[in-house]
Each structure stands twice: as structure tokens, then as C-alpha cells.
1. Among the residues of region 105-119, which ones are farther than 18 Å from Ala141 by Cβ, touching an Asp or Glu at 6+ places or on another chain (Cβ under 9 Å) and part of a helix (DSSP H, G or I)?
2. Given the condition closer than 14 Å to Val329 by Cα and under 21 Å from the mean Cα position of the chain (by Cα), answer yes or no: does some residue in region 382-400 qualify?
3. Search region 67-86 for residues being more than 11 Å from Pro25 (Cβ to Cβ) and not small (Gly, Ala, Ser), and hand back the single one that is surrounded by the fewest Cβ atoms within 10 Å (Cβ to Cβ).
4. Could you check how many residues of region 355-367 are assigned to a loop (DSSP other than H, G, I, E, B) and modelled with pLDDT under 95?
5. Name every residue in region 299-340 that is within 22 Å of Leu374 (Cα to Cα) and polar (S, T, N, Q), in order of residue number.
6. Here are some residues: Ala403, Ala409, Ala423. Which one is assigned to a helix (DSSP H, G or I), surrounded by 11 or more Cβ atoms within 10 Å (Cβ to Cβ) and over 40 Å from the mean Cα position of the chain (by Cα)?
7. Any chance you could count how many residues in region 14-58 are of a type outside the set (A, V, I, L, M), over 24 Å from the mean Cα position of the chain (by Cα) and either surrounded by 16 or more Cβ atoms within 10 Å (Cβ to Cβ) or in a strand (DSSP E or B) (or both)?
8. For a quick check of your reading: which helices (runs of 4 or more DSSP H) sit entirely within region 248-354 and have at least 2 residues that are farther than 23 Å from Thr33 by Cα?
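The values are calculated or read from the model by the stated rules, or taken from the named source; none is laboratory data. No experiment lies behind these values; they were computed from the predicted model shown. Positions of Cβ are generated from backbone atoms using ideal geometry, with glycine treated the same way; all protein chains shown enter the neighbour counts.
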Amino acid sequence: MQGQSADGASVSAPAPTGRALVILPLLPGETSTRQPQARLAEAVALAEAIRLDVPHCEVVKVARPDPASLFGRGTAERIGGMAEAFEADLVVIDHALSPVQQRNLERICMAKVIDRTGLILEIFGERARTREGQLQVELAALTYQRSRLVRSWTHLERQRGGFGFLGGPGESQLELDRRLIAERITRLKRELEEVRRTRGLHRASRQRGDTPLVALVGYTNAGKSTLFNRLSGADVTAQDMLFATLDPTVRQVPLPSGRTIALSDTVGFISDLPTQLVAAFRATLEEVQAADVILHVRDVSHPDSEAQKADVERVLAELGIDAENDPRVVEVLNKTDLLPATARGALGMRLTNQRMMEGAERAVAVSALTGLGLDDLLDTLDRRLSSGWRVMELSIDLADGRALAWLYAHGQVLDRRDEEGMARLRVALDPADAARFETQFAAG
């Protein structure tokens, strides 16, 4: 398969890593706000994110879950027959499987079987680029792998990215593997504790420098990295692909008032996000907990936008953040360029009415791709970060450049008139900064 590079040259697409069937089991009593076909499409997209060729996907109703194989032998054999017919060497089950169910399905289907958690970990293993990201993903993968050990330490021998769940030499030296994995997990936790300490020092340094932290969160592929690049001028990977970027990044971004924020891009969330990942990415997610403003980026053009919102809010709740009531959370309704004109108009009216009723902006409509609405978003950040500030009327000698520079660096100058050698200023300052100014400078 061929595509085009940015300069128009023909380039070859990466070769597929294998052929996979994708099966979504529907179990009795399960509740989901998503339609089965939308869930199946997401599972296929996850498989394609690591270049798996998916010749067939299917929703399978399970009347009575079998503890031994989830589906029961007859259905499992039918799935195995499809794997053979489609020449698939992998079966992706978009559901959690116990180690026993996974091994039994592999024996029945005569193919490698991987569940949703294993697939997401495989994607993360391939995508992590920074040392911190790799440490976090490896810890999550080994925690998951330790309970299974259907492949022995395979990620040390792989020829591709990922963590070896898609293939390997088989079950050998299991006791040695268990000991090696346990020792490696202990080392990883120590290294990640150092990462947490370093991140804490960086946060403390930013706070001492009066640099507010703004964290981006959202469902994977909601457009966080595109928005991050637009606001910061950075070049973080941004593709129309699930989990296109994993590694946490922080950049300085100026606001209209002249003050600077630290903007942090975080890993994308997804429904049924493996608990191992939430735990392993604790150091990164602490950036969200410590943020002065949390921007929840949503793809409003997606048919499951509301369900995706609920999934993100569930993960935030695990971090102790009540998205509905936490005043730090602002929804960024992204990809408005993909909405029909009538839907865009209705969204604008709804947000205007919401602001009038609540007296605060809880949501901003933007298109990170085209830049539409980004000025409104920056203004909203300015207002959010300035709420609770003191507004001071000051007269500063024009010769006192140090005091004037300090005010512009730490506050928001709302009005200025220069007359009779004095700068007459109306300035909004954080209460702590106002006290510091009064201590450091003689203000008239």
C-alpha cells in the first residue's frame, strides 16, 4: 500500500504485523451506552493501530458465559474455523479474559488469542518513546503478564514494538519468568518513584515561578495533541489514530493577558481502560490532579461523544476529580468543523445560554484543526486563572521600570494611562502576588 508524504512524494505504508479476527462478545446483563457496532468499530481501530490486518469482525451474543472459555466450546470452535478460513493467526476478543479462558480459547481455536487489555498494552508498548513512557508501560504490561505467563519474557526477544503478547517462543521456564518479572517490577517501581519525585520538583518550581498548570485530558483521538500543537507551537505526533501519542509533554503557552501557562498533554483515555495502566501512569496523571485548570477535550462530531465523556469522567473520578462539580474542569468541544452548519449554530446557542444562566464558561467550542474558537479558549483560560484576583488602582513612577515590569509579568493590566510622569494602572493580581507587590514596591 502506498500513500503520500507531506511533500507529495510517494511513500510505502508500514507492512501489516499480522492478520486478526476481532470478536466483540455481548454478555447478558451488561449495560453500555454504546451501540454494539460502534464498540466493534473501536475494537477494529485498536487492532489497526498496530497495523494488524482485520479481514473479519463480528459481534457474538453469549447467552451463558462459560468460565472455561467465555463462549462455550461450540462457539469457540466456530471462531477457530473462521480464523482458519481467513488465515488469521490472531483472535482479538474485545472483552476481559481470565488466564484460563485465554489458554483454553487458544487450544480450541489453534490461534493466538488476546483480550482488550492485552491489545491496549501492546499498542502502548509500541508507541511509548520517552524513557518515562516506556517505564510506565512496561510496569503495566508486566503486572498484566505476571498473572498469565502464557509467553515467557517474550518482549525481550521481539523484533517489533509492543510487549510480545502477539507471539513468542511458548511456555518455558515459568518459575524463572515469575522471579524475573517480580524483580523487574520492583526495579520499575523504584525508577517510577524517582520520576514522581522529579515531576513533583518541576511542579514546585513552576508554582514558585507563578506559572499555572493547565492539563489536557480526553478520550483517545479527541484531538488533544492537535490542540496542544496549535496552542504551544509544538510538534507532538497528531494522527487520526487511537493512541497516536502517549508520552507526556509540557510546553509554555502565552495567554492574551501576557501571563504564561504550562500546558500539559496527557495520555488519552478509553472505555475499559486497563487498571494496570491507570496505576502505572500515576506519575503522569498526578499532573492532572495538580492542575489549576483541566481542559476536557471532546470530539463533538463523534456519534458516541456523550459515552466517551462518561468514560473520561470515570477515570477522572478514580483520580479524585468530580468533573461535574470541580470548577477547574472546562470542556473543550473540539472538531466543530466536522459538524453540519445547523448543528454548529445550535451548539453555539446552547453554550451562550449556559453562560448566561450559570455566569461562568463551562464549555468552549473549537476546531483545533482550523483554529476556530481558540481565541475564545485562551480568553476563557485567562478569566479562569484570574478569578478571585484583586483589582488594584496603582500609580507608578514611569522611571520605576522594575515595578512596571513586575506588574506586567505577574498580573493582568486592565487599564493604563500615562500622565505627569506617572503610570495610572488598573491591575488584576492574585492575592498572594498583590501582597508580594505591596511588600516589595512602594506603590502610591
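1. Of everything in region 105-119, those that are farther than 18 Å from Ala141 by Cβ, touching an Asp or Glu at 6+ places or on another chain (Cβ under 9 Å) and part of a helix (DSSP H, G or I) turn out to be Ile108, Cys109.
2. no
3. Looking at residues that are more than 11 Å from Pro25 (Cβ to Cβ) and not small (Gly, Ala, Ser), I get Pro67.
4. Total satisfying the criteria: 4.
5. Those that are within 22 Å of Leu374 (Cα to Cα) and polar (S, T, N, Q): Ser301, Ser305, Asn334, Thr336.
6. Ala403
7. 9
8. 275-280, 282-289
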